[in-house]
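Working notes, structure below.
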Amino acid sequence: MQYAALSSANIDAIQALFTHTFTDSEGAQEGAAIGQLAAALATTTPAEELRIFAAHDGDQLAACVLFTRLHFAGAEGDKGREAWLLSPMAVATAMQGKGIGQGLIRYGLAALKAQGAELAVTYGDPKFYGKLGFEAVTIEQVPAPQPLSFPHGWLAQTLEGEAMPTQKGPVRCAEALNRPEFW
């Protein structure tokens with residue numbers, strides 16, 4: 001398995017992976033929605049606010065994760081911590097259960113840390129993401145861009161190893177993700 005950064009020029013393969021994976025697990029409507037979200041993030045998010053990482057098995061795209069910048073208000077004159085939102089993430093159905101997704105997320109987090117990122121946030125399964133160092137946080141600790149439909153899935157980790165800092169809201173995420181149905 002080879003992990004690497006991927007450019008948004010690979011949009012067709014990215015969208016197909018997300019569409020097929022989420023169709024298999026959640027149904028055609030959800031598959032189409034997440035495929036379209038991945039495509040929208042890859043095509044409308046400014047390059048400096050988007051990181052795409054992929055796992056390839058030979059020529060096959062086995063997994064993909066997108067990270068987009070989160071902008072916290074912070075105190076006056078303070079830009080806040082450099083924070084990134086992990087969403088969405090997909091592993092091809094036939095490749096699931098082999099640790100590929102965990103390996104890819106670790107690769108992506110290490111790359112973000114090397115680029116100066118201080119905080120990673122995601123919204124998902126606490127059991128899965130807990131294996132990767134994510135911990136449940138409240139919206140008072142780390143404000144969310146939209147109201148959360150399941151607050152126990154709001155997770156974060158510092159990439160510097162210190163205690164979880166409290167962030168000041170409001171927070172702004174990538175425009176394609178800033179829709180209530182994703183939260």
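Read-outs throughout are calculated quantities, based only on the coordinates presented, and are distinct from any laboratory measurement. What you are looking at is a predicted structure, and each value in this text was computed from that prediction instead of being measured.
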Once fully extended, how much extra length lies between Ile139 and His20, figured as 0.36 nm per residue of separation less the alpha-carbon to alpha-carbon distance? 39.6 nm
Is the shape of the stretch 1-74 best called rounded, prolate or oblate, per the rule: a/c under 1.5 gives rounded, else a/b larger than b/c gives prolate, else oblate, with a ≥ b ≥ c the square roots of the Cα gyration tensor eigenvalues? oblate
Pairs of alpha-carbon atoms within less than 8 angstrom and 6+ residues apart define the contacts here; what relative contact order does the chain have, in percent? 21
222 nm mean residue ellipticity, helices alone, for the chain (DSSP H n ≥ 4; -39,500 (n - 2.57); rounded to 500): -9000 deg cm²/dmol
Mind checking the full-extension length gain between Ala111 and Phe150? Use 0.36 nm per residue of separation minus the Cα-Cα distance, one decimal, nm. 11.2 nm
If I take every Cα pair under 8 Å that is 6 or more residues apart in the stretch 92-183, average their sequence separation and divide by the length, what percent do I get for the relative contact order? 30
Determine the gain in length on full extension of the stretch Ala13-Met164; use 0.36 nm per residue of separation and subtract their C-alpha separation, reporting nm with one decimal. 50.8 nm
P(r), alpha carbons of the stretch 94-183 - 5 Å bins starting at zero, rounded %: 3, 13, 21, 23, 22, 13, 4, 1, 0
Just to compare against my own numbers: the Cα pair-distance distribution for the chain, 10 Å bins, whole % per bin, please. 10, 39, 39, 11, 1
Collect residues whose amide H, placed 1.01 Å from N in the peptide plane, falls under 5 Å from the amide H of Trp84; neighbours closer than 5 in sequence don't count. Leu70, Leu119, Ala120, Val121
Over the stretch 135-176, consider all pairs of different Cα atoms and compute the Kirkwood hydrodynamic radius from their mean reciprocal separation; express it in Å, one decimal. 11.2
